[in-house]
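Structure first, then comments.
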Amino acid sequence: MKTIIFFLSVTILAGCSMRDTVNIDEMTTTQTYDLSDKDGDGVIEARERCNDTAQGAGTDNYGCGKIKAINERKELSILFPNDSAYIAPEYYPQIEEVAVFLQQYPTTKVTIEGHTSRTGTDERNLVLSQERADAVTAVLAERFGIDRNRLTAKGYGSSNPVVLERTPEAEIRNRRVVAEVTGDDTATDMKWTIYSVDDNTK
């Protein structure tokens, strides 16, 4: 009996070891799904639903941009001549940062808010703040090609100070231009503050 069991075991093991083998070089496979990532957003084409998502934007599992408010402020410095709205070309690169963002997100619009210090009359400050806001939008449109329909300029004079003290340092902070960018599907996306300091020229 032991002999029969032994021979049965050997037969079974031999059968298990005689499996068909296939040379891998002879095999051909067809890729069913496109596993490439053509737009570089980390989502394969087989799952991609949004090929026009802005470069560098956060995406969901289907490559569509995540909708979220961007709360970022950049403080830039523009030295305006005293009682003037002239922007020297050396400050254009700072305004260009706003333009680049608008170019990346073509559905956004920007409101340029002009603010002044509390020195001078309210009437003059209101006019000056509007002139400075207009000057920034002009650079955005004429220098960087942003459609004027996406630009709004509004002067607030000295009515919205960010620092309440009456020191010279406080008034420097209050004398500013703010670029507020908004989109159709978000609240405020990004805010830049362009702080300006009057350059007393003779």
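Tabulated data for the structure shown
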| read-out | value |
| --- | --- |
| Members of region 173-184 that are open to solvent by 70 Å² or more (accessible area, probe 1.4 Å) and either closer than 17 Å to Gln94 by Cα or over 18 Å from the mean Cα position of the chain (by Cα) (or both) | Arg173 |
| Members of region 155-168 that are in contact with a helix residue (DSSP H, G or I) (Cβ under 6 Å, 6 or more places away or on another chain) and not hydroxyl-bearing (Ser, Thr, Tyr) | Gly155, Gly157, Pro161, Val162, Val163 |
| Number of the condition not met by Tyr91 [criteria: (1) closer than 16 Å to Val177 by Cα; (2) of a type in the set (Phe, Trp, Tyr); (3) surrounded by fewer than 17 Cβ atoms within 10 Å (Cβ to Cβ)] | (3) |
| Residue count for region 101-134, restricted to those that are loosely packed, with under 14 Cβ neighbours inside 10 Å, at pLDDT 90 or above and not in a loop (DSSP other than H, G, I, E, B) | 2 |
| Condition broken by Glu142, with the remaining ones in (1) surrounded by fewer than 15 Cβ atoms within 10 Å (Cβ to Cβ); (2) at pLDDT below 90 satisfied | (2) |
| Residues within region 145-167 that are part of a loop (DSSP other than H, G, I, E, B), open to solvent by less than 40 Å² (accessible area, probe 1.4 Å) and among the small types (Gly, Ala, Ser), tallied | 2 |
| Top-ranked residue in region 74-88 [being over 22 Å from the mean Cα position of the chain (by Cα) and hydroxyl-bearing (Ser, Thr, Tyr); ranked as most open to solvent (accessible area, probe 1.4 Å)] | Tyr86 |
| Subset of region 95-143 [charged (D, E, K, R) and touching a strand residue (DSSP E or B) at 6+ places or on another chain (Cβ under 8 Å)] | Glu97, Lys109, Glu113, Glu131, Arg132, Asp134 |
| One residue from Ala69, Ala46 being modelled with pLDDT of 65 or more, within 29 Å of the chain's Cα centre (by Cα) and surrounded by fewer than 15 Cβ atoms within 10 Å (Cβ to Cβ) | Ala46 |
| Test for Gly120: is it in contact with a helix residue (DSSP H, G or I) (Cβ under 6 Å, 6 or more places away or on another chain) and closer than 22 Å to Arg173 by Cβ | no |
| Failed item in (1) at pLDDT 90 or above; (2) touching a Ser or Thr at 6+ places or on another chain (Cβ under 8 Å), with Ser77 passing the rest | (1) |
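The values are calculated or read from the model by the stated rules, or taken from the named source; none is laboratory data. Keep in mind that what you see is a predicted model, and the values were worked out from it rather than measured. Heads up, the Cβs are rebuilt from the backbone with ideal geometry, glycines too, and the neighbour counts pull from every protein chain shown. Accessible surface areas use protein heavy atoms only, side chains included; no ligands, DNA or RNA. Shrake-Rupley method; radii C 1.70, N 1.55, O 1.52, S 1.80 Å.
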